[in-house]
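First the structure, in the form of structure tokens, and then the observations on it.
The values are calculated or read from the model by the stated rules, or taken from the named source; none is laboratory data. Since we're looking at a predicted model, the values are computed, not measured. Heads up, the Cβs are rebuilt from the backbone with ideal geometry, glycines too, and the neighbour counts pull from every protein chain shown.
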Amino acid sequence: MSATSVLSGLPVWVQTALLLTASNVFMTFAWYGHLKNLAAKPWIIAALISWGIALFEYLLQVPANRIGATELTLPQLKIMQEVITLSVFVPFSVFYMNQPIKLDFLWAALCMLGAVYFIFRS
């Protein structure tokens with residue numbers, strides 16, 4: 001049973017958001033997880049492991065965008081992706097990478113909410 005068949009009864013935007021969120025978890029670990037886990041390894045090892053993780057990102061991201069494109073515009077898909085990226089990255093940064101919470105996260109989130117408003121209005 002595939003992820004898309006499990007989600008098929010949900011509205012398109014929910015299916016897209018869920019798949020993009022899962023995709024972003026893999027993407028974030030592929031892009032930044034090696035900074036914590038593989039810092040002592042040669043960069044080529046980190047790159048190959050990250051590439052392997054990114055495969056799972058694409059296995060979720062491609063169907064997410066195909067599903068989303070049936071009802072959302074390309075700009076709407078992009079803004080959705082960016083909001084989800086920030087929503088995944090901030091907890092990853094704070095809880096996994098032990099970075100301090102900054103007020104700048106709130107300002108960035110407010111800017112993203114503005115982007116969501118403008119791209120989804122009408």
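Within the stretch 40-52, is there a residue that is modelled with pLDDT under 95 and under 27 Å from Leu7 (Cα atoms)? No - not one qualifying residue is present in the stretch 40-52. Quick one: would you say Gln99 is touching a Ser or Thr at 6+ places or on another chain (Cβ under 7 Å), loosely packed, with under 14 Cβ neighbours inside 10 Å and either in a loop (DSSP other than H, G, I, E, B) or without any contact (Cβ under 8 Å) to a residue 60 or more places away in the chain (or both)? Yes; evaluated as a whole, the condition is true for this residue.
Among residues belonging to the stretch 14-67 that are over 22 Å from Leu86 (Cα atoms) and in a helix (DSSP H, G or I), point out the one that is nearest to the chain's Cα centre (by Cα).
Checking each candidate, the answer is Gly52.
Each residue in the stretch 27-45 was checked for being over 17 Å from Val90 (Cβ atoms), buried (at least 18 other Cβ atoms within 10 Å of the Cβ) and hydrophobic (A, V, I, L, M, F, W, C), and 1 pass.
For the stretch 10-25, does any single residue satisfy the condition of being of a type outside the set (Asp, Glu), at pLDDT below 95, crowded, with 16+ Cβ neighbours inside 10 Å and over 21 Å from Val94 (Cβ atoms)? Checking the stretch 10-25: not a single residue is of a type outside the set (Asp, Glu), at pLDDT below 95, crowded, with 16+ Cβ neighbours inside 10 Å and over 21 Å from Val94 (Cβ atoms).
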